[in-house]
1. Starting from residues that are open to solvent by 90 Å² or more (accessible area, probe 1.4 Å) and under 35 Å from the mean Cα position of the chain (by Cα), keep the ones in region 256-297 and report whichever is nearest to residue 63 (Cα to Cα).
2. When both residues are 6+ apart or on different chains and their Cβ atoms are under 7 Å apart, which pairs have a first residue that lies in region 251-271 and is more than 10 Å from residue 323 (Cβ to Cβ) and modelled with pLDDT under 85, and a second that is surrounded by 11 or more Cβ atoms within 10 Å (Cβ to Cβ) and not basic (Lys, Arg)?
3. Applying the selection to region 112-130, what residues are under 29 Å from the mean Cα position of the chain (by Cα) and hydrophobic (A, V, I, L, M, F, W, C)?
4. For region 84-107, name all the residues that are touching a residue at least 12 places away in the same chain (Cβ under 8 Å) and assigned to a loop (DSSP other than H, G, I, E, B).
5. For the structure I just gave you, tell me whether residue 305 is of a type in the set (A, V, I, L, M, F, W, C), under 29 Å from residue 264 (Cα atoms) and not in a helix (DSSP H, G or I).
6. Could you count how many residues in region 44-67 are touching a helix residue (DSSP H, G or I) at 6+ places or on another chain (Cβ under 6 Å) and under 26 Å from residue 204 (Cα atoms)?
7. Does region 33-55 include one or more residues that are open to solvent by less than 70 Å² (accessible area, probe 1.4 Å) and closer than 23 Å to residue 164 by Cβ?
8. Please identify the pairs in which a residue from region 333-348 that is under 13 Å from residue 310 (Cβ atoms) and β-branched (Val, Ile, Thr) has its Cβ atom under 7 Å from the Cβ atom of a residue that is open to solvent by less than 80 Å² (accessible area, probe 1.4 Å) and in a strand (DSSP E or B), counting only partners at least 6 apart or on another chain.
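The values are calculated or read from the model by the stated rules, or taken from the named source; none is laboratory data. This structure is a prediction, so every number in the text was calculated from the model and none was measured. We place every Cβ from the backbone using ideal geometry, glycine too, and count neighbours over all the protein chains shown. SASA here: full protein model, heavy atoms, side chains in, ligands and nucleic acids out. Shrake-Rupley method; radii C 1.70, N 1.55, O 1.52, S 1.80 Å.
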Amino acid sequence: MTETDATNRPLSMPDTFLPYLEKHRIYKLFKDMVRDLVIHLPKDHLKHMKVFVGRHLHNTKDIDKVILLVSPKLKIDIKNLVHEMIKDLGFVVLTRRCLLDRYEKHDKYLPRCISPEVLSEVAKNLTLKDPVPQSGWLMFDHPCSVREAQCLQQDGVLPTVTLVLIPSPPVAHVDDDPWTAPRGFNEQDFEGLKFVYKSTLKEVYIDPEDDHEIQGMKCFNAIRACASGAQGPKQGVHAMGAPGTYRVLLIGPRGSGRRTQARTAAKHFELVCLDYEILFNEAKVKSDDVGEKLRKFGCSVELRADIVKRRIAMKDCIDHGWILTGYPASGTDFELLDLMPTPPNRLL
């Protein structure tokens, strides 16, 4: 049935369970479910959880919820950029004008008075209205103030990623005017909103001379990079899936610098650096079953896979992650590697 005993405390998670949890994102499912329960406080919790799980099963991809913050120093056509992002991601755009039009029809509307609480309630209702929950949403000119952002957070309108579009930094930047420039009602408090959404922040360097397709591709890559997740020491703070580590497969032709790049990456991310030739030589001199078969019958596809499988299942690779070079060398090797209990989750 299982490798755990629920009667023993403290409970421990077997290492072999982690790849399954990462692949099917079980941790993320429970995290999103608990957050959804805390935000909506339903009367029937079990029914609400069943509806949430059913909605999750019908979603074939992650739902992107994006807030776009544009630096005042960056002069680009933001509307054309948003159109390019819609082509790639297909989400619904929620503009400030759209929210204000519905705000004026609200029961609590007062002429010439904008309530951040009521505006946030309008935004929440829009995000819950079909087809927005299934396709995701993008806000690029709302919220404009820290107070509006805090009201959105209190109502559960939370982005999965906040893109900060800024110009490429100069060689030696000197700011002559340290004061924040005055802004209008419909202009965003750039620095304040960056602080509010710091947990989902992703900076994107935009060159105003680039065309809209290149700018849109940079934003698309940033959203996908943030959504892919990174866990473990020095591997980011955006939680996605199970709390695992990098398991990297580095492939390339001879002379391309695979081993050098692997050693550099292993040092930076605190990974275990593995090279197949070294693993093969170590296995060949051992007195275990694999070593005896190698000396007696020579190497085979199955023995190559057993050498790698045994090494990446050790505690140091499980705890810190690994980066592997020199293997696989064929399509069959790839298939056997993917069937191992701890397969790679990154491929370079």
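1. The extreme case among them is 268.
2. Listed by first residue and then by second, the contacts come to 270/233; 270/320.
3. 119, 122, 123, 126, 128 - these are the residues of region 112-130 that are under 29 Å from the mean Cα position of the chain (by Cα) and hydrophobic (A, V, I, L, M, F, W, C).
4. Matches in region 84-107: 90, 91, 94, 95, 106.
5. Criteria not met by residue 305.
6. Within region 44-67, residues that are touching a helix residue (DSSP H, G or I) at 6+ places or on another chain (Cβ under 6 Å) and under 26 Å from residue 204 (Cα atoms) number 2.
7. No: region 33-55 contains no residue that is open to solvent by less than 70 Å² (accessible area, probe 1.4 Å) and closer than 23 Å to residue 164 by Cβ.
8. 342/247
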